[in-house]
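J.: One structure is given below, represented as structure tokens, and several questions about it will come after.
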Amino acid sequence: MTRDELISAAIEARQLAYAPYSDFAVGAALLTTDGRLFVGCNVENASYGLAICAERTAICKAVSEGYRKFQTIVVAAVPPSGVTHVSPCGACRQFIVEFGTDIEVIAVNADDSSVTKSWKIGELIPDNFTFDQLD
Ligand code: THU
């Protein structure tokens, strides 16, 4: 799967977002180290705080299918005017770094897939809390 295909998958996944409260649709595409693709969208709830982000949906789908090694995750949303991209929220950063500091995170503007920004997850959540800090 190419980078462009992964970006397209995230933009397409956004179409299934369940976001009646925020009206802010987000899609994610997660690539495993062995080339499997898992997509996800945000899923909101009338009890607002229960909303699940697109990135965490994709990760839960992958882990629940037996995949735990990830190369890249793309997050796709349409940022408001004047904003270039939408970054993963703090909860999603913590959720991603659980599976490795080297996972590449790409944010893409769903209205213009040529606009991207990328990082390693370790850059987005430095000095992160992971299993090695547990007893
Ligand atoms: N959202 C995501 O899906 N991913 C993020 O990284 C940022 C926020 C969703 C959660 C909520 O449904 C909506 O965007 C507005 O916050």
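The values are calculated or read from the model by the stated rules, or taken from the named source; none is laboratory data. The structure displayed is predicted, hence computed values, not measured ones. Note: ideal-geometry Cβ built from the backbone for every residue, glycine included; neighbour counts use all protein chains shown. Accessible surface is based on the protein model in full, side chains and every heavy atom, while ligands, DNA and RNA are left aside. Shrake-Rupley method; radii C 1.70, N 1.55, O 1.52, S 1.80 Å.
J.: Going by the structure shown, is THR57 away from the ligand (no atom under 11 Å from the Cβ), of a type in the set (Ser, Thr, Tyr) and in contact (Cβ under 8 Å) with a residue 24 or more places away in the chain?
T.: For THR57, the condition - away from the ligand (no atom under 11 Å from the Cβ), of a type in the set (Ser, Thr, Tyr) and in contact (Cβ under 8 Å) with a residue 24 or more places away in the chain - is not met.
J.: Quick check on my filter: what residues within the stretch 82-126 are modelled with pLDDT under 95 and farther than 26 Å from ALA25 by Cβ?
T.: Of everything in the stretch 82-126, nothing turns out to be modelled with pLDDT under 95 and farther than 26 Å from ALA25 by Cβ.
J.: I've got another one for you. I'd like to know if the stretch 69-78 contains one or more residues that are among the charged types (D, E, K, R) and either in contact (Cβ under 8 Å) with a residue 24 or more places away in the chain or under 24 Å from ASP4 (Cα atoms) (or both).
T.: Yes, the conditions are met somewhere in the stretch 69-78.
J.: Kindly indicate whether any position in the stretch 38-53 is at positive phi and either acidic (Asp, Glu) or modelled with pLDDT of 95 or more (or both).
T.: no
J.: Check THR57, THR72, THR130 and return the single one that is in contact with a Gly (Cβ under 8 Å, 6 or more places away or on another chain) and open to solvent by less than 40 Å² (accessible area, probe 1.4 Å).
T.: THR57
J.: Out of the stretch 76-103, which residues are open to solvent by 60 Å² or more (accessible area, probe 1.4 Å), within 12 Å of the ligand (Cβ to nearest atom) and of a type in the set (A, V, I, L, M, F, W, C)?
T.: PHE95
J.: Here is a further query. Within the stretch 1-41, count every residue that is basic (Lys, Arg), touching a strand residue (DSSP E or B) at 6+ places or on another chain (Cβ under 6 Å) and more than 10 Å from the ligand (Cβ to nearest atom).
T.: Of the residues in the stretch 1-41, 0 are basic (Lys, Arg), touching a strand residue (DSSP E or B) at 6+ places or on another chain (Cβ under 6 Å) and more than 10 Å from the ligand (Cβ to nearest atom).
J.: Pairs only if they're at least six apart or on different chains, beta carbon under 8 angstrom, first in the stretch 23-37 and under 14 Å from VAL78 (Cβ atoms), second open to solvent by 60 Å² or more (accessible area, probe 1.4 Å); list them, first residue then second.
T.: Going by the 8 Å Cβ cut-off, the qualifying pairs are ALA25/GLN15; GLY27/GLU12; GLY27/GLN15; GLY27/LEU16.
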